[in-house]
Every structure is written in structure tokens, then in C-alpha cells.
Amino acid sequence: MDWMLFAIFLVTCGAAGATGAAFNPGAWYMRLEKPWFTPPNWAFPVAWTSIYLLISFAGARVAVLDGSGYALAFWAAQAGFATLWTPIFFGLRQMKGAILVIVMLWISVLGATVLHWQLDFWAGLAFMPYLAWVTVAAALNVGIVRLNPDVKPLAIDKI
């Protein structure tokens, strides 16, 4: 594995993860009704840190292989959608709009998983926890929307 590539992928993940610091859940999120399967708060940073390390490993393994273009395109797409979801859900409080983003995130993670797996067993395996986590996150997003039908998005003039 090329450690410089790993570092580049990891920095990219860190940039995506920085939206979590910029748009943290806060009191607004804590007041929302949540589905019974909501993980404890401590699980989120542990899961994302683990996922970012794993998919950086996967990207670095695949980047040097012939035919990795589509796998890396899906890797980039998931990074973009992961970056976008947090400001939409927590920043703008557009919980319904965030569903569209997380569906696109799920599709890009699935595409990355399948394509990485086709190129390198370990890279594909490294994406599996991410696919599971995004599946849970999508269910949480939908569940929160259903349990909080009267919660309105943040007014643009309040930003």
C-alpha cells in the first residue's frame, strides 16, 4: 500500500468529517424523537473514525490498480455526499432533504463497495462497515422525519 495515497484519502475523509464539527447536533437534535435503534452518542465518532480509516485504506489499495477509475469515482462521490449530508440535516435542519442526500450516499457507498471488491478483496471488505453504517443512518434519517412531522427546517433568515 502506498502510504502517501493513504494520507491523501485520510485527509479527504477528515475534510468531510469536519462538517460534523461545523454543524454539530446540538440541543435541537437532542430534543427530537428518535427511533428505538438509535446508537448512543459516543458511537458516532467511533464509527466515523473507524470508517474513515478503513475507506482510506481501501482507496489507497485500489488507486494503484489498473481499471480503478470507476471505483475511485464512487469513492469521490461518497465523500461528496457524506460532506453534504451534515450541513443539510444539522445546519439547515432540512431533515426531508437530507433523505435524498443519504440515498445518494448509500448508492455511492454501495457502488464503491462493489467496485472496490471486484478489484481487491481487502478493499471491498473495508467498505462493508460503511455500507452497514450508512444503512442505519438512512433508517435513522427516515425514522426521525416520521417521528417529528411538525419540525420545520431552519428559516434561511436565521442562518
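Here are a few things to note about the model shown:
- Ordering 28-34, 61-67 by mean Cβ neighbour count within 10 Å, with the highest value first, yields 61-67, 28-34.
- Matching label, volume of the Cα convex hull per residue in Å³ computed from the structure shown, candidates (1) 118; (2) 148; (3) 104: (3)
- Remark: the chain carries 54 Å² of accessible area per residue (probe radius 1.4 Å; ligands, DNA and RNA excluded).
- Distance between the 7 Å Cα→Cβ label points at Val136 and Thr49: 1.6 nm.
- Amide H within-cut-off set for Asp120, under 5 Å, with H built and near neighbours excluded: none
- Hull shadow area, averaged, the range 69-111 [alpha-carbon convex hull, nm²]: 2.4
- As a fraction of the 1.4 Å probe accessible area of the chain, surface on carbon and sulfur atoms comes out at 71 percent.
- Given their separation in residues at 0.36 nm each and the Cα-Cα distance between them, Tyr70 and Val103 gain 10.0 nm when the chain is fully extended.
- Karplus-derived HN-Hα couplings along the range 2-8 (A = 6.51, B = -1.76, C = 1.60, θ = phi - 60°), whole Hz, x at Gly and Pro: 8, 5, 5, 4, 4, 4, 5
The values are calculated or read from the model by the stated rules, or taken from the named source; none is laboratory data. Note that the coordinates shown come from a computational prediction; the quantities given were computed from them, not determined experimentally. Here Cβ is always computed from backbone atoms with ideal geometry, including for glycine, and neighbour counts include all displayed protein chains. To get the accessible areas, we keep the full protein, side chains included, count just its heavy atoms, and leave off ligands, DNA and RNA. Shrake-Rupley method; radii C 1.70, N 1.55, O 1.52, S 1.80 Å.
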